[in-house]
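Inspection log for the structure reproduced underneath, given as structure tokens.
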Amino acid sequence: MKKQHYVAAIACLIAGAIGFVSVYATEKAQERKQLAQQEQEQRQQETQVPEPSNNDDLSPVSRELDPKPSNEVKTPIAQKDPEVSVEEGKKDLTEPEQTEPVDQEKPVSKPAEQTVPVSVAETLHFRPENGIVWPLEGEVILDYSMDSTIFFPTLEQYRCNPAMVIAGAVNDKVFSVMRGKIIEVFNSEETGCTVRQDLGDGYIATYGQLKELNFGVGDIVESGQVIGYVSEPTKYYSVEGSNAYFSLKKDGNPVNPRDYLPIEEIDVPEQ
């Protein structure tokens with residue numbers, strides 16, 4: 001009897017173990033199935049992401065790489081109201097064409113109006129019959145002489161003289177001989193502060209040994225106006241003393257100022 005009980009107990013244990021193993025195996029199988037199903041679902045989801053039907057689901061990177069979205073966005077806008085877009089485009093093109101030429105014409109017309117009277121006012125003509133004045137009231141100590149030489153006391157030599165050297169005291173007024181335009185002001189070792197004046201028709205007057213000028217380059221000086229004042233003489237005229245240097249040229253060639261200046265106002269000393 002005891003053996004039968006042992007055998008029955010062992011059989012029960014074996015049966016229980018077999019049942020437990022079978023239950024455990026079925027649970028594991030179900031878990032594996034669930035895992036497999038989950039993996040399949042994940043794979044399906046992953047495969048469905050790169051093939052969306054709507055462009056809104058695309059990432060910014062995929063939109064930049066795919067040229068289709070740009071075409072799809074532009075076409076519906078053009079198809080909705082093509083007449084309005086064309087008219088707006090025409091307005092955008094016509095408006096600058098109307099405004100830009102107006103702005104450009106204003107600055108161009110203004111200088112054109114200003115330059116015309118200036119050029120007329122600066123037209124000069126050399127007319128000795130209208131009267132020429134002496135640049136300085138004084139004695140001619142070195143006269144014009146291009147045909148022969150004269151003696152220069154300071155230099156102690158004979159040489160030709162393309163100008164007139166008129167004696168005067170320091171601070172004496174030096175006058176414009178005729179209406180003309182100041183074209184150059186410079187310092188010379190021989191004539192000191194020197195002014196060149198365009199009298200028109202190729203005539204140029206040169207005034208030297210000056211100081212304290214009343215006019216500058218570009219100024220129009222009328223006949224008889226004070227250009228400047230007599231300065232201390234340069235080393236080239238230290239013996240002659242203070243003076244005004246005056247020369248006249250026609251087309252770059254020296255001419256005798258006495259041919260145009262009134263002779264009676266100044267007496268020429270005997271040499």
Using modelled amide H (1.01 Å from N, peptide plane; none on Pro or chain starts), what sits under 5 Å from the amide H of Q209, excluding residues fewer than 5 places away? G192, C193, Y245
Work out the length of the dipole vector of the range 138-231 about its Cα centre, built from +1 on the beta-carbon of each Lys and Arg and -1 on the beta-carbon of each Asp and Glu, and round it to the nearest 20 debye. 160 debye
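From the gyration tensor of the Cα coordinates in the range 180-231, what semi-axes in whole Å does the equivalent ellipsoid have, largest first, with each one equal to sqrt(5λ)?
Details: eigenvalues 60, 31, 16 Å².
Over the Cα atoms of the range 180-231, the ellipsoid semi-axes are 17, 13, 9 Å.
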Rh (Kirkwood; distinct C-alpha pairs) - the range 136-271, Å: 15.0 Å
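With the contact rule set at Cα under 8 Å and sequence spacing of 6 or more, what percent relative contact order holds for the range 163-271?
Normalised by residue count, the contact order of the range 163-271 is 33 percent.
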From largest accessible area down, sort D143, D251; use a 1.4 Å probe on the protein chains. D251, D143
Would you grab the residues whose amide H sits under 5 Å from the one on D172? Only those 5+ places off in sequence or on another chain, please, with H modelled 1.01 Å from N. V230
Accessible-area order (highest first, 1.4 angstrom probe) of the listed residues Y24, Y245, Y207, Y158: Y158, Y24, Y245, Y207
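How long is the gain from E212 to A9 if the chain were fully straight, where each residue apart is worth 0.36 nm and the alpha carbon distance is subtracted? Before the final figure, lay out each step's value.
On the way: separation 203, 0.36 × 203 = 73.08 nm, distance 14.51 nm.
Between E212 and A9, full extension yields an extra 58.6 nm.
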One quarter of the C-alpha convex hull surface, i.e. the mean projected area of the range 191-271 in nm², amounts to 6.5 nm²
If R₀ is 25 angstrom, what is the calculated FRET efficiency for the pair E129 and F151, using the beta carbon separation as r and rounding to 0.05? 0.10
Full-extension gain between D219 and E137, please, as 0.36 nm times their residue separation minus the C-alpha to C-alpha distance. 27.1 nm
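The values are calculated or read from the model by the stated rules, or taken from the named source; none is laboratory data. Since the structure is predicted, the reported quantities are computational estimates derived from the model, not experimental observations. Note that each Cβ is placed from the backbone with ideal geometry, even for glycine, and that neighbours are counted across all protein chains shown. Surface areas here come from the heavy atoms of the whole protein model, side chains and all, with no ligands, DNA or RNA. Shrake-Rupley method; radii C 1.70, N 1.55, O 1.52, S 1.80 Å.
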